Amino acid sequence: MNYSLILIIPNITNNKPKNANLKKTLIILYLIVGLTGYSQNPTYPNLASTLKHDTCLNKKFSIVFYLIQDSTYNLSVPNANVLNNIITNTITPFVNLLNATFKRICVSFANCSTVVIPNYPFNKWNQNIVDPVVTANWYTDKTINFYLPSQATSTVPNETDGYTYPVPSTSTTPAKDVIVVALGSLLTVNNANFTGSGGLHVVGHFFGLPNTFDEIGPTPTPPPPPGVLNGEFVDRTNCSTNGDGFCDTEADPYPQQFNSTSPPVFTCWFNKIPGQTDGKSKYYVPPVDNIMSNYGCRCKFTQEQYNRMAYVILKRRLYLH
């Protein structure tokens, strides 16, 4: 569905509104209306079928990072240098990576504070057991809460890097603004010599991106081969209704023939030659370089993925400080 917006703006000189707040409001309104004017499927809007450029949101997010004390209390005085080293060598570089990655849509991040949780058993993080306890006691409203235990076990299938919670379904739906990634995985260097794709992968989910191998629609005809999780065709004729819903990410047959011989730094190729074919007998050329895949050369988001995240920020995450 497409929308048209007509605005009558009084008191304009040299095409610039005198009221700066009015100007900012109008820009945000324009972006919201513009981004929602594209074809949509039941789960994820395909936002880039006609939008081929970035949008500038001018939005800054604060992050509270949570570390968990170990059994030797290395994060306590007089060993505060350990905490400072983690902030300097892990947290700050990751925030810098976020800023560099999201600069395209004028979104930035800041480490608002770093909190040390004193209960060392929480370091072996289990989503069903530890998450409810920790987030009930150490949580900052309307802020991105980023937990960094030494180990993190998720109940979400096929997630190797950590987890987050779904984007609120409406602008008024209560949200759980939580991201959990194992501390040692935050800045892992992969086979493309790219640092931090694991942390970026989970942040992508936080801002509404599916995995490249997820399925957002019904099973197509012909169906995918056994073991392939989504029905997107290699020729992308159903790219807006199947697979991840994006037409600039390649069809992904994961986990079929996925080479996982060297976890956690996954390799970038299939186990067998020739490779897997789709429902139309076309050979997959998977998105091994996409951050939302599970391959080991992850290093980028696509235009449509950036557009999706911009949409989610404006429509579902704008309440965050």
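Put a dot 7 Å past the Cα of Tyr120, heading toward its Cβ, do the same for Asn85, and the two dots end up 1.6 nm apart.
Counting Lys and Arg as +1 and Asp and Glu as -1 over every other residue whose Cβ lies under 14 Å from the Cβ of Val156, the net charge comes to -3.
Cβ-to-Cβ counts within 10 Å put Trp125, Trp138 in ascending order as Trp138, Trp125, the fewest first. Count charges around Lys300 for me, please; just the other residues with Cβ under 15 Å from its Cβ, Lys/Arg as +1, Asp/Glu as -1. With Lys, Arg at +1 and Asp, Glu at -1, the neighbours total -3. Note on the stretch 169-247: semi-axes of the ellipsoid equivalent to its C-alpha gyration tensor, largest first and rounded to whole Å, are 28, 20, 10. Remark: the Asn74-Thr143 segment gains 22.2 nm on full extension, using 0.36 nm per residue and subtracting the alpha carbon distance. Across the cross-link table entries Lys280/Lys315; Lys52/Lys176; Lys60/Lys300, which are compared at the Cα atoms, the separations over 27 Å belong to Lys280/Lys315; Lys52/Lys176.
Ordered by the number of other Cβ atoms lying within 10 Å of each residue's own Cβ, fewest first, Ser169, Ser62 fall into the sequence Ser169, Ser62. When each of Phe207, Phe146 is scored by the number of other beta-carbon atoms lying within 10 Å, the sequence from fewest to most is Phe207, Phe146. The stretch between Tyr283 and Tyr319, if pulled fully straight at 0.36 nm per residue, gains 8.6 nm over its current Cα-Cα span.
Coordinate-derived values only; no laboratory data. Just so we're clear, the structure is a prediction, and the values are computed from it rather than from any experiment. As a convention, Cβ positions derive from the backbone with ideal geometry for all residues, glycine included, and neighbour counts pool all protein chains shown.
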